[in-house]
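This report refers to the structure that appears directly beneath it.
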Amino acid sequence: MGRVLNYSIKKNKGNFTRKEFEIMYEISKRYNSAEMLADINEAYKTNLKELWTCESFWLGIGSYYPNWNKFGGGSTDGWNEVNKRIDELKKTMPEIDAIFQAKKEGTILFNDEKYKNHFHGFTKVQGNEFNSLLVFKALLEISKRIPKATLRVSDEGEFLLCPLKIKNGLVLPEISELIDDIKYYSMLMMLSKNYKGNILKVLKNTEFKNSCFKDDIHVENTYGDMSEYIDNKLRNLQEIERALMKEQKRDNDLFIYNINNREPKDWFKPELFIRLVDVKKFFDYKMSAATMMDGFHGSHWNLTDKDEETESYKMMAHIFGMLEKAGFNKGDIKTLGTDY
């Protein structure tokens, strides 16, 4: 599905208050607003038409969908009815209360049904690190306004050096998760049938010929040589160690592994664990067809990575071909403003 930032917020004790629901809603809405876009344009003297190039940030109430059982399937009519009902409710109550009322009536369902004390979310940012920065800033803002909750964020890319806990504007690096990630992919690399150091080729013990062992570690879903990925994660770990030792003026190499015992008030400045972003570099960020269709590439479509954009159009041609067989007129199919 493409590179994403995953995040969550959990109340440390009890459930979120109405005020805390409102804070998440207000901040999420602001990061999707024309006002935020105008502020960015004013600050950087730009004329951006869109703030988000792929998906936008949202955490909390407001991430919902129609109760399709009530509307009879996945048609757009369901959304039209939902929007109509919420607009009606907003005439007599605040927007957030209208959403809760629609939920109570069964008109909508929340994407995260543990919403009383725990929310999850994600934003696909692809290669736009300015969008990664915006997600991170929104999470920090929420953490400062809801100090009795703990947020977590992880990155499939390289904006964050490792997964982070966030509380009241400060962060704690999840060192154990980074190390477990390194160990996991190191194991996959050793066991991969495409890697020259495949441990299964070396082991002579007949005990390991059992197919259950192979099934357990999914050796047939080969990852090939993962050495570059592992090297990057080891580099991240080293950068974190240097940052922490410099921040704490420590010269003990083992200090990094004991930081989980720190109290939240003694957590770290968030900028220690992110890569610096040259915001202006992403003002003209454009996604190719290949980037937009990322996640659909694969053997099912007989695609390769030799020419990603061309391959993406091949895949789209497959889809349009199936639509035509289903009775759609090719002349009526439009995408990205172009007839195909």
**OP:** Please find, among LEU109, LEU160, the residue that is within 30 Å of GLU228 (Cα to Cα) and either in contact with a strand residue (DSSP E or B) (Cβ under 7 Å, 6 or more places away or on another chain) or buried (at least 21 other Cβ atoms within 10 Å of the Cβ) (or both).
**Re:** LEU160
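State whether the residues of region 22-30 include one that is assigned to a helix (DSSP H, G or I), of a type in the set (A, V, I, L, M, F, W, C), modelled with pLDDT of 95 or more and over 18 Å from the mean Cα position of the chain (by Cα).
Within region 22-30, one or more residues are assigned to a helix (DSSP H, G or I), of a type in the set (A, V, I, L, M, F, W, C), modelled with pLDDT of 95 or more and over 18 Å from the mean Cα position of the chain (by Cα).
Looking at region 36-59 only, could you name the residues that are surrounded by 15 or more Cβ atoms within 10 Å (Cβ to Cβ), among the small types (Gly, Ala, Ser) and either modelled with pLDDT under 90 or not in a loop (DSSP other than H, G, I, E, B) (or both)?
The first filter runs over region 36-59 and keeps only residues surrounded by 15 or more Cβ atoms within 10 Å (Cβ to Cβ), leaving 36-37, 40-41, 48, 51-59.
Filter once more, so that each one left must be among the small types (Gly, Ala, Ser): 56.
Within region 36-59, no residue meets the criteria.
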**OP:** Consider LYS45 carefully, then state whether it is more than 16 Å from the chain's Cα centre (by Cα) and under 20 Å from ASN111 (Cβ atoms).
**Re:** no
**OP:** May I ask you to list the residues in region 120-152 that are among the small types (Gly, Ala, Ser) and under 12 Å from SER56 (Cα atoms)?
**Re:** GLY121, SER132, ALA138
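Tell me whether region 140-150 contains one or more residues that are in the same structural domain as SER56 (by TED's automatic domain parsing), within 13 Å of the chain's Cα centre (by Cα) and under 30 Å from PHE283 (Cα atoms).
Initial filter on region 140-150 (in the same structural domain as SER56 (by TED's automatic domain parsing)): 140-150.
Adding the requirement that they be within 13 Å of the chain's Cα centre (by Cα) leaves none.
Scanning region 140-150, I find no residue that is in the same structural domain as SER56 (by TED's automatic domain parsing), within 13 Å of the chain's Cα centre (by Cα) and under 30 Å from PHE283 (Cα atoms), so the answer is no.
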Original post:
Is it the case that some residue within region 92-114 is closer than 23 Å to LYS144 by Cα, in a loop (DSSP other than H, G, I, E, B) and at pLDDT below 95?
Top reply: yes
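Considering only residues that are more than 17 Å from LEU151 (Cβ to Cβ) and either out of contact with any Phe, Trp or Tyr (no Cβ under 7 Å at 6 or more places or on another chain) or part of a loop (DSSP other than H, G, I, E, B) (or both), which ones fall in region 126-141?
Kept after step one, since they are more than 17 Å from LEU151 (Cβ to Cβ), are these residues of region 126-141: 126-131.
Those that are more than 17 Å from LEU151 (Cβ to Cβ) and either out of contact with any Phe, Trp or Tyr (no Cβ under 7 Å at 6 or more places or on another chain) or part of a loop (DSSP other than H, G, I, E, B) (or both): GLN126, GLY127, ASN128.
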Original post:
So LYS70 clears everything in (1) at pLDDT below 90; (2) surrounded by 14 or more Cβ atoms within 10 Å (Cβ to Cβ); (3) within 27 Å of the chain's Cα centre (by Cα) except one condition, right? Which one?
Top reply: (3)
**OP:** Check ASN128, ASN47 and return the single one that is under 19 Å from TYR285 (Cβ atoms), in contact with a Cys (Cβ under 8 Å, 6 or more places away or on another chain) and not basic (Lys, Arg).
**Re:** ASN128
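The values are calculated or read from the model by the stated rules, or taken from the named source; none is laboratory data. In this text the structure is predicted, and so the values were computed from the model without any measurement. With ideal geometry, Cβ positions are generated from the backbone for all residues, glycine too; neighbour counts draw on all protein chains shown.
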